[in-house]
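For reference, the structure is listed below as structure tokens.
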Amino acid sequence: MTLSVHSAILITTIFLFANGYDVFPTHFKDLPIDLDHVPYKSRSLAWLFKDNFPNGTRRLLRDPAHRFWIRKIESYSFSVHIIYQAKHGNIFTKKNLQMIKLMEEDLVSSANHTKFCATVDKTLKCKHLQSVIQFFDGTFSHVNEMFNNTFENISSVLFEANQNNRTKDTLKYFLSDDYKITSTFVHASMTRTKIPVGYPSPVGGNKNGDIEKETKNYMNNEIKPKLIKWKQVVKDFDIYYISWFYFHEALYEQTFFDLYFTIGSMCFIFCFMVFYTRSLWITVWAVFSIFTSYLGTNLLYRYIIGYKYFGYFHIIVIFIILGIGADDLFVFYDTWRLTSSSTNLARHLSEAYSKSMFSMFVTSLTTSLAFFVSALSPFLCTKSFGIFSGILVIINYISVITFFPAVLILFRIKFETICRGSSQNDRISNSQNINLSNSRESSSSSPVSTSIYEPCSPSNDIPDINGMHKNCSLNYYNLNQETIEVNTKTNVVKEQNKMNRIESALSKKKKPIDNGDLNQTIGKKNCKLGCLNVMSLCCCSPNHMIVSILRDHYSRFITKKYSRIVILIMFLIILVFFLYHATHLEPDEQQPNNYQKCSSNIRTSIKFFKNGHNLAEARYYNVHGFQKYDEDRFVKVYILWGIKERDKSICNFTSVSCIGKQVYDEEFDPNPTKNQLALKFSYQDFRLVNKLHPNDNFTLPGYRPTLPWNYSKTMEFMNTQPEYYWGSFNESFTDYFDIPLQFWLLNANTLTYSADYTMFNGLIGEQRTPFSQKPVFGFPTYYGNKIKYLAIQINTTIDKYRINYKNGIPIVERWEAFVNKMMKELPRGLQNGYQLTPFQWDWLYVQQTMSNSAILGLVLGLSLFFPIITISTMNIIIGLVSTLTICCTTVCVVGVIPLVGWKLGLLESINLCLVVGLSVDYVVHLAEGYHLSKKKTRLERTRDMLESMGSPILSGAISTLGAAFFLFFCQIQFALQFGVFLFCTIGFSLLFSLGLFSTLMGFIGPENSSGSLKGLCSWFKNSKKYTVASKGPLFETSVARL
């Protein structure tokens, strides 16, 4: 039945995938981290697509420099940025510049370069490569004769370029932040080159998609191979290159390549399971159950819940479930093996369930709850990850307690019986065995009794000198006569003599002699019989020396007085060290750069490739390594009318690609007289904004024609311009404000360039109406249009690279309050405006949410863990010590983040939400082992705890650490960082559970019923009854009886 369910999951997934269903809706282009409850992302999208309305008109100029031609516009996606970093300090040496020049000439030497380059004019002449070489090859010789073809006087040439007003802004782009230039000295560690590639536009009969495909082929087949070649050839400086096209292609390729490490993790866990269980049968079906649990979770996540996003974190879940699933399997397998005290399968299964199911339930519950806490995040990537992972842990637990027991039962019936022999002579008879269990029971402290099916672990009183663990059906202490008769007569006599010596030693309470020889003689022969089947490599368990060490040696070590003091001091030092670093954790303050225009989700601060990768270095240096123009450095605030916030109600709640619908404000009307005057004088109110942020400067469109403007004034004005306007409008024409506005922007209708056109043309949108007309001379520019939107740009001095959510959100709130107040005072038709910054304000709230999510995840995880572990163990002392252990693990993992140079970003906040869930497993298993011990003293219970649970949690930790180790080789930063986080979390969890928790249990662990919730409840009831009785008339009698 259980096999049918798992097989059905696998077959269903294959069927859906083969028939074209989007079973895994992968999306690796970016991370969806939108905040729907914050309006600034919707406002930024509305501004980004402000011109996406029908019948829009462009204000074209006669000036050829402002006409449109093929590939005039540079493509942000395809243009390549090349960074040169000197290995010996200064990039501006003659040798380096000559090498850069040769490289640039090689890059543009291809005949196809002229087909894809950005063009200067309608002659389709390619733009020059933008680099510092331009100041030496004669490009700027018309500015100064010094800018000629020579590298003999580098310092004086660059000094002149830096002083000349016509070239200093151009030079600034090529100077790194550490540059120094004088007339006799020049130094900079880096410079860069930009290859301007034109925006793919159709030529002749080609479609736009064909041109884009050809551009991609050109980038991959001609530019990229040359860049790789020069990276290998040049030795004096490092070369890094990036374009968004290369970036996204590499991201997809690397993501799927890193999936191979998942296979490596699975192979490691598979091999470790084979080693641990010594059974291919158990291992194959165990891995199969983990794999089908993942597929079953995806079907539920995809088609029942309805999520359409499958990203990086869903891939990383594979590594998590490999570790968690293996841990649960080891726990159940060890419990099954250690409880094999009955020939009745039902009883055997019942004992295994009673001793393992509840502890696995508690660990699965806490882990899944920790994942579900991540689902409270407003980020789609985090929310979907939390839901997917939480469901996966639950399904895996159900698989372990339903499917895996069936595997073990079949293994015992089909394969394990081989160990016992196929004939009656090879079986152990209860009626004829030599039962020494009473002697063992009187001296052993193990809560699990030994019998015919007991694993052959050495006893406490009669240690196995040779370390043989008898997981065959022959019990070390219960030998029957028939088995001895299998040997030759001579061997039987020898072995019987050994048994007599053992019995004699037991009666005298002395250590038996030569017991290992007996174990090897009889035990090994029977174990060899089990190696006959490929599905059972050997029925005998591997040598569990770890169990002996933990139970006999380690338990004595941690319970000694002086050892205990040293251990506690050591853990205190570790805790203080990581606590100090945890207090230095800072939020990630990096802001999105201008490439945000090309993607609505991707963030500069989210690092996709690890350090040392070409794209990681190029991306970082290109944004943070060079001088910044004030235009790119400082935040611009826009006051926008005519466009509402982007409507995302049409989007599915899990859709990544949906960016909503553009909605325009039909109430916006700048034409009424009072609205014109309000717009004219509104700039005066912005002078008060200095109170919000000091030293801000403002620019506002100027109004050359005298305002206000009305219909009669419009007709009078148009009659004075017969060379431009055809005639007059009738009185139903109401968009007359467009006439003076366009007159001003088009430089008094001359259609020539002006500074005002450059500054304000992008702030006003026009839409053609039935009244719209072309000028007399037929130029493709319309007048008499409807003003669709209008914006005011405010240039602030807020540095986008230094602002963070702590000091930035108060500024945003003051801006919002100020603009809202102003809108209420404006006349009707102007009251729906709002303020925005393109993808700046929303990033501050993203930072805040990431920080709050991390704190919320930790607090909720710890808050949920304490009551769960306390109720499960029914002991408040165990609950407090367990929670303390988890807190120590959490502090250390948080301290690792700043220690390795990371800041609190999206990846870190998600990881911190999982700390509690991933670190509870080992502590819970140990707590359950302590709680289930039948002994009374804390030392004996600690010993039993380590014996029963030490081996499975150590095996689970090895499997998880091994799975995490493969992530270290990934190039994607997500995988690498999560691997480090997972490795540290499991490592610290193992360290503090076996170290701190075990030591504290041996020191202050509850004895008898101390700390028991039942005892506390009984005490509370008795005290309450005593209080009531003390107030009654029988009080004296009660006291007398006491």
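The values are calculated or read from the model by the stated rules, or taken from the named source; none is laboratory data. Keep in mind that what you see is a predicted model, and the values were worked out from it rather than measured. Glycine gets a Cβ as well: all are built from the backbone with ideal geometry, and neighbour counts include every protein chain shown. Surface accessibility is based on the protein's heavy atoms, side chains included, excluding ligands, DNA and RNA. Shrake-Rupley method; radii C 1.70, N 1.55, O 1.52, S 1.80 Å.
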| task | State which residue pairs qualify: first residue outside any helix (DSSP H, G or I) and inside segment 270-293, second residue open to solvent by 60 Å² or more (accessible area, probe 1.4 Å) in any location, beta carbons under 9 Å apart, and separation of 6 or more residues or different chains. | result | Arg278/Leu537; Ser279/Leu537
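The rows are residues; the columns are (1) at pLDDT 80 or above; (2) of a type in the set (A, V, I, L, M, F, W, C); (3) open to solvent by 30 Å² or more (accessible area, probe 1.4 Å); (4) out of contact with any strand residue (DSSP E or B) (no Cβ under 9 Å at 6 or more places or on another chain).
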| position | (1), (2), (3), (4) |
| --- | --- |
| Thr750 | yes, no, yes, yes |
| Met759 | yes, yes, yes, no |
| Gly765 | yes, no, no, no |
| Val776 | no, yes, yes, yes |
| task | Kindly establish whether Asp665 is buried (at least 17 other Cβ atoms within 10 Å of the Cβ), at pLDDT 80 or above and in contact with a strand residue (DSSP E or B) (Cβ under 8 Å, 6 or more places away or on another chain). | result | yes
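Which is among the aromatic types (Phe, Trp, Tyr), surrounded by fewer than 19 Cβ atoms within 10 Å (Cβ to Cβ), under 39 Å from the mean Cα position of the chain (by Cα) and assigned to a helix (DSSP H, G or I), of Phe15, Phe24? Even if it seems obvious, please write down each step before you answer.
Working: Phe24 fails: assigned to a helix (DSSP H, G or I).
Checking each option against the conditions leaves just Phe15.
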| said: Based on this model, can you work out whether Ile659 counts as part of a loop (DSSP other than H, G, I, E, B) and touching a helix residue (DSSP H, G or I) at 6+ places or on another chain (Cβ under 8 Å)? | reply: yes
| Verdict on Asn719 being under 41 Å from the mean Cα position of the chain (by Cα), loosely packed, with under 14 Cβ neighbours inside 10 Å and free of Cβ contacts under 8 Å to residues at least 60 places away in the same chain | no
| query | Given the structure, is Glu145 free of Cβ contacts under 8 Å to residues at least 12 places away in the same chain, surrounded by fewer than 20 Cβ atoms within 10 Å (Cβ to Cβ) and among the acidic types (Asp, Glu)? | reply | yes
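Residues are listed down the side, and each one gets a yes or a no for (1) touching a residue at least 60 places away in the same chain (Cβ under 8 Å); (2) crowded, with 21+ Cβ neighbours inside 10 Å:
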| residue | (1), (2) |
| --- | --- |
| Lys786 | no, yes |
| Leu790 | yes, yes |
| Phe818 | yes, no |
| Glu825 | no, no |
| Pro838 | yes, no |
| request: Could you tell me whether any residue of segment 227-238 is touching a Gly at 6+ places or on another chain (Cβ under 8 Å), open to solvent by less than 30 Å² (accessible area, probe 1.4 Å) and not aromatic (Phe, Trp, Tyr)? | output: no
| When you go through Ser919, Ser882, Ser863 one by one, which is the residue that is open to solvent by 10 Å² or more (accessible area, probe 1.4 Å) and of a type in the set (Ser, Thr, Tyr)? | Ser863
| Out of the residues in segment 361-374 that are at pLDDT 85 or above and open to solvent by less than 20 Å² (accessible area, probe 1.4 Å), which is farthest from Thr873 (Cα to Cα)? | Ser368
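Scanning segment 69-101 for residues that are of a type in the set (Gly, Ala, Ser) and part of a loop (DSSP other than H, G, I, E, B), which turns out farthest from Val233 (Cα to Cα)? Walk me through how you get there before you give the answer.
Residues of segment 69-101 of a type in the set (Gly, Ala, Ser): 75, 77, 79, 86, 89.
Next, from what is left, pick out any that are part of a loop (DSSP other than H, G, I, E, B): 75, 77, 79, 89.
Numbers: Ser75: 29, Ser77: 27, Ser79: 23, Gly89: 19 Å.
Step by step, filter segment 69-101, then rank; the result is Ser75.
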| task | Would you be able to say whether some residue in segment 984-991 is in contact (Cβ under 8 Å) with a residue 40 or more places away in the chain, over 22 Å from Asp921 (Cα atoms) and in a helix (DSSP H, G or I)? | result | no
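Filter segment 798-811 down to the residues that are in contact (Cβ under 8 Å) with a residue 60 or more places away in the chain and either open to solvent by less than 50 Å² (accessible area, probe 1.4 Å) or closer than 23 Å to Pro378 by Cα (or both) and list them by number. Let's see the steps before the verdict.
Taking segment 798-811 first, the residues in contact (Cβ under 8 Å) with a residue 60 or more places away in the chain are 798-806, 811.
Scanning segment 798-811 gives Ile798, Asp799, Lys800, Ile803, Asn804, Tyr805, Lys806, Ile811.
Filtering segment 269-292 down to residues that are open to solvent by 50 Å² or more (accessible area, probe 1.4 Å) and more than 11 Å from Ser959 (Cβ to Cβ), which residue is modelled with the lowest pLDDT? Before the answer, list the steps.
Going residue by residue through segment 269-292, those that are open to solvent by 50 Å² or more (accessible area, probe 1.4 Å) are 270-271, 275, 278, 284-285, 291.
When the remaining residues are screened for being more than 11 Å from Ser959 (Cβ to Cβ), the result is 278, 284-285, 291.
Values: Arg278: 83, Val284: 90, Trp285: 91, Phe291: 89.
Result: Arg278.
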| message | Condition first: in a helix (DSSP H, G or I), crowded, with 18+ Cβ neighbours inside 10 Å and in contact with a Phe, Trp or Tyr (Cβ under 7 Å, 6 or more places away or on another chain). Can you find one or more residues in segment 33-40 that meet it? | response | yes
| query | Looking at Ile398, is it over 29 Å from Val980 (Cβ atoms), touching a His at 6+ places or on another chain (Cβ under 9 Å) and part of a helix (DSSP H, G or I)? | reply | no
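Residues checked against (1) open to solvent by 20 Å² or more (accessible area, probe 1.4 Å); (2) touching a strand residue (DSSP E or B) at 6+ places or on another chain (Cβ under 7 Å); (3) within 30 Å of Asn761 (Cβ to Cβ):
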site	(1), (2), (3)
Ser4	yes, no, no
Asn52	yes, no, yes
Arg71	yes, yes, yes
Tyr76	yes, no, yes
| request: State the number of residues belonging to segment 102-156 that are more than 42 Å from the chain's Cα centre (by Cα), under 14 Å from Thr167 (Cβ atoms) and part of a helix (DSSP H, G or I). | output: 3
| said: Step by step: first the residues of segment 856-891, then only those that are of a type outside the set (A, V, I, L, M) and out of contact with any helix residue (DSSP H, G or I) (no Cβ under 6 Å at 6 or more places or on another chain), then the one that is modelled with the lowest pLDDT. Which residue is that? | reply: Ser863
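Looking only at segment 966-1002, how many residues end up being over 26 Å from Gly917 (Cβ atoms) and either touching a Pro at 6+ places or on another chain (Cβ under 8 Å) or at pLDDT 90 or above (or both)? So that I can check it myself, show each step before the final result.
Taking segment 966-1002 first, the residues over 26 Å from Gly917 (Cβ atoms) are 971, 1002.
Filter once more, keeping what is either touching a Pro at 6+ places or on another chain (Cβ under 8 Å) or at pLDDT 90 or above (or both): 1002.
Final tally of qualifying residues: 1.
Report yes if Gly956 is more than 21 Å from the chain's Cα centre (by Cα), on the phi < 0 side of the Ramachandran plot, assigned to a helix (DSSP H, G or I) and touching a residue at least 40 places away in the same chain (Cβ under 8 Å), otherwise no.
Details: more than 21 Å from the chain's Cα centre (by Cα): yes; on the phi < 0 side of the Ramachandran plot: yes; assigned to a helix (DSSP H, G or I): yes; touching a residue at least 40 places away in the same chain (Cβ under 8 Å): yes.
When the stated conditions are applied, Gly956 passes them.
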| query | Does Ile223 qualify as being surrounded by 20 or more Cβ atoms within 10 Å (Cβ to Cβ), modelled with pLDDT of 90 or more and aliphatic (A, V, I, L, M)? | reply | yes
